[in-house]
Amino acid sequence: MVGVMNRLRNLDAYPKINEDFYRRTLSGGVITLVSSIVMLILFFSELQLYLHPVTETQLRVDTSRGEKLRINFDVTFPALQCSIISIDTMDISGERHLDVRHDIIKRRLDSHGNVIEAKQDGIGHTKIEKPLQKHGGRLEHNETYCGSCFGAEMTDEACCNSCEEVREAYRKKGWALSDPESIDQCKREGFVQKVKDEEGEGCNVHGFLEVNKVAGNFHFVPGQSFHHSGFQFHDLIMFHQGNYNISHKVNRLAFGDFFPGVVNPLDGVQWNQEKQNGVYQYFIKVVPSVYTDAHENTIQSNQFSVTEHFQNAEAGRMQSPPGVFFYYDLSPIKVIFEEQHVEFLHFLTNVCAIVGGVFTVSGIVDSFIYHGQRAIKKKMEIGKFN
């Protein structure tokens, strides 16, 4: 047993020196203090990296197909009333949705920006007492109401029971509703008077759109859109306004869900119209993004960059109606963000490297200073004897 202990003692790579041979110096104390502080700083820095996940970024070709793109928006128009704002979407595949109303909420604003009324667009209309029936007579007791579409019926059984349904029927036919006062439903609901009462108000429009994941655009325009003979038109006659102030503020615009680190460059952007009618255009490049957190929860979303341009309606050269247009295109490259935790063994290795590295370097510096001082002192002593 004693022999085994002696063999183990011979393997000791750290032989001990008798304390009588130790010599402590001022420079050694200063170097020890500085190296200890450096080791603590590096240790806590490494500990912070270990406790907090780091995000790795990769670029890949986007191979997804047949997906939908969700557009979340919140836009305020301080000088356009809610009753004349319509939202349209279209893409390069030919799919178009005119005067979109579902999943969109409009809030009327006064001249100071305070909310007057909020309602989901396209829901509810004024109740009509004894309206005009499709056959020409007035609604009688125990009779089912079926209002006329005034020639815009798609089928013989179609009914238009509100001003909004008449406008929608006209839009599907590609007709402009130039005189709402001649429409019984609009007259009884006071549609024109409602538009006049809202003059001078603003509107906040927020909600979301589900569109095909291909290049396209969505826009906010005054009047109602309709499609006729392969062209898109906007019915502005009924509002009888010569100039539309499209000043606006984009409170929020996002293509997909939020994820940590995403920056939406249009959030809070405001533009004030100084000239007459025109089209304000945003050209957006959407970059598909996937974010995976440390718990392997995945968020499919998008980032985007944007440029903007205002097209003034001079000399009748403007082909688009006045409004705010958002043109978007998709990048073929997908950005993948992945949170990763540093492994404990990696953390332990780095801590050992910090302690050993600082200890070794400080020992070299201390040895250099100590032997330098001794050499200078010895030369000075030799000089005195000479």
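With the simple model of a label 7 Å out from the Cα in the direction of the Cβ, ILE92 to ILE382 spans 8.4 nm.
Taking 0.36 nm per residue of separation and subtracting the Cα-Cα distance, full extension of the segment from LEU59 to THR144 would add 24.4 nm. For the stretch 198-204, the Karplus equation 6.51 cos²θ - 1.76 cosθ + 1.60, evaluated at θ = phi - 60°, returns couplings of 8, 4, x, 8, x, 8, 10 Hz by residue, with Gly and Pro reported as x.
Could you order THR76, THR55 so the one with the most accessible surface comes first? Probe is 1.4 Å. Write down the numbers at each step before the final one.
Details: THR76 30, THR55 70 Å².
Order by accessible area, largest first: THR55, THR76.
The figure for LYS377 is an accessible area of roughly 120 square angstrom, using a 1.4 Å probe on the protein chains alone.
Stretched out straight at 0.36 nm per residue, the stretch from ARG374 to ARG7 would grow longer than its current Cα-Cα span by 128.3 nm. Amide H contacts for ILE104 (H built 1.01 Å from N in the peptide plane; partners 5 or more residues away or on another chain; cut-off under 5 Å): ASP121. Quick one: which residues, 5+ away or cross-chain, put their amide H under 5 Å from the amide H of ILE85? H built at 1.01 Å from N. Residues meeting the criterion, in which the H sits 1.01 Å from N, are GLY223. Residues in the stretch 285-296 carry Karplus couplings, in order, of 10, 8, 10, x, 9, 10, 10, 10, 7, 5, 9, 6 Hz; the curve used is 6.51 cos²θ - 1.76 cosθ + 1.60 with θ = phi - 60°, and Gly or Pro positions show x.
A straight chain from ILE364 to LEU348 at 0.36 nm per residue would run longer than the Cα-Cα distance by 3.3 nm.
Listed values for the stretch 147-160 are Karplus-derived 3J(HN,Hα) couplings in whole Hz (6.51 cos²θ - 1.76 cosθ + 1.60, θ = phi - 60°), namely x, 6, 9, 6, x, 9, 5, 7, 9, 5, 8, 5, 10, 10, and x replaces Gly and Pro. Computed with every protein chain present, the accessible area of HIS52 is close to 110 Å² [probe 1.4 Å].
The values are calculated or read from the model by the stated rules, or taken from the named source; none is laboratory data. All values reported here derive from a predicted model rather than from experimental measurement. Reconstructed Cβ throughout: ideal geometry from the backbone, glycine too, with neighbour counts over all protein chains shown. For the accessible areas, the whole protein counts, side chains as well, though only heavy atoms, and no ligand, DNA or RNA atoms are used. Shrake-Rupley method; radii C 1.70, N 1.55, O 1.52, S 1.80 Å.
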